[in-house]
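Accompanying notes for the structure given below.
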Amino acid sequence: MEGTFSLIGRSEREDAMGIAVATAAFAVGKRVPHARYRIGAVATQGRTDASYGERGLTLLELGLPPDRVLPLLTAEDPESERRQIIMMDWLGRTAVHTGTKTDPERADATSRDCIAAGNTLHSPAVVAAMIDAFQERPDGPLGERLVAALQAGQAAGGDQRGATSAALLVVSAVDIRERMGATIDLRVDDHAEPVAELCRLLRGYERWKEGYRQRLRTEGA
């Protein structure tokens, strides 16, 4: 999707990885973020081709590193210069492709345990702000760090056209052990302030999850 900014982050402490993303288009959570537990994560944006997500994760699962997977995918794609893709495997290795025909302003950046990118941005400072915010609380819960990064990107200007939708996807060991489908999968599809709404949803989800955990403990007693 044009006008999208996203960040993939991992937490070795939590054995978790996730993606936060926002855009002026509708339903960003349907197409851009993709992740598998103990495999990795992919965000596919620009002129989005959602197949980069499943194909990329399948190749990562076969043991190929991101810097081999992504060139394989773009080499097969005649529209690759209109795409922007970021990828991270479970070891924290990354790869990025920002096509020369994606809409400016465009930027991408990598730091410890995270990678971010955006196009049709207010300025490249959006991506830098996301990276900085993610690194501010290295011991914080991954979901909160990802949403904080998205908030920082929005505060730095975000999408030139404004924002309409946002999403948060996290895969973790805790969710697998507790039979919760291995994901936090929160989506805001049509909202005047989708990043703020995503923050509200995450707070509500955390309250619900704690109640669910208490019930599991009671049932297992």
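Values for this structure:
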{"read-out": "Checking Gln45 against (1) over 14 Å from the mean Cα position of the chain (by Cα); (2) modelled with pLDDT of 95 or more; (3) not hydrophobic (A, V, I, L, M, F, W, C), the condition it does not meet", "value": "(1)"}
{"read-out": "Scope segment 176-200; condition farther than 17 Å from Thr23 by Cα, of a type in the set (A, V, I, L, M, F, W, C) and modelled with pLDDT of 85 or more; matching residues", "value": "Ile184"}
{"read-out": "Qualifying positions in segment 91-106 - of a type in the set (Val, Ile, Thr) and touching a strand residue (DSSP E or B) at 6+ places or on another chain (Cβ under 7 Å)", "value": "Thr94, Val96, Thr98, Thr102"}
{"read-out": "Unique residue being in contact with an Asp or Glu (Cβ under 6 Å, 6 or more places away or on another chain), surrounded by 15 or more Cβ atoms within 10 Å (Cβ to Cβ) and aliphatic (A, V, I, L, M) when the list is Ala116, Ala95", "value": "Ala95"}
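Conditions tested, residue by residue: (1) touching a strand residue (DSSP E or B) at 6+ places or on another chain (Cβ under 7 Å); (2) among the small types (Gly, Ala, Ser); (3) closer than 25 Å to His122 by Cβ; (4) surrounded by fewer than 24 Cβ atoms within 10 Å (Cβ to Cβ).
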residue: Ser11; (1), (2), (3), (4): no, yes, no, yes
residue: Gly18; (1), (2), (3), (4): yes, yes, yes, no
residue: Val42; (1), (2), (3), (4): yes, no, yes, no
residue: Glu54; (1), (2), (3), (4): yes, no, no, yes
residue: Leu62; (1), (2), (3), (4): no, no, no, yes
residue: Glu81; (1), (2), (3), (4): no, no, yes, yes
residue: Asp89; (1), (2), (3), (4): yes, no, no, no
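The values are calculated or read from the model by the stated rules, or taken from the named source; none is laboratory data. Keep in mind that what you see is a predicted model, and the values were worked out from it rather than measured. As a convention, Cβ positions derive from the backbone with ideal geometry for all residues, glycine included, and neighbour counts pool all protein chains shown.
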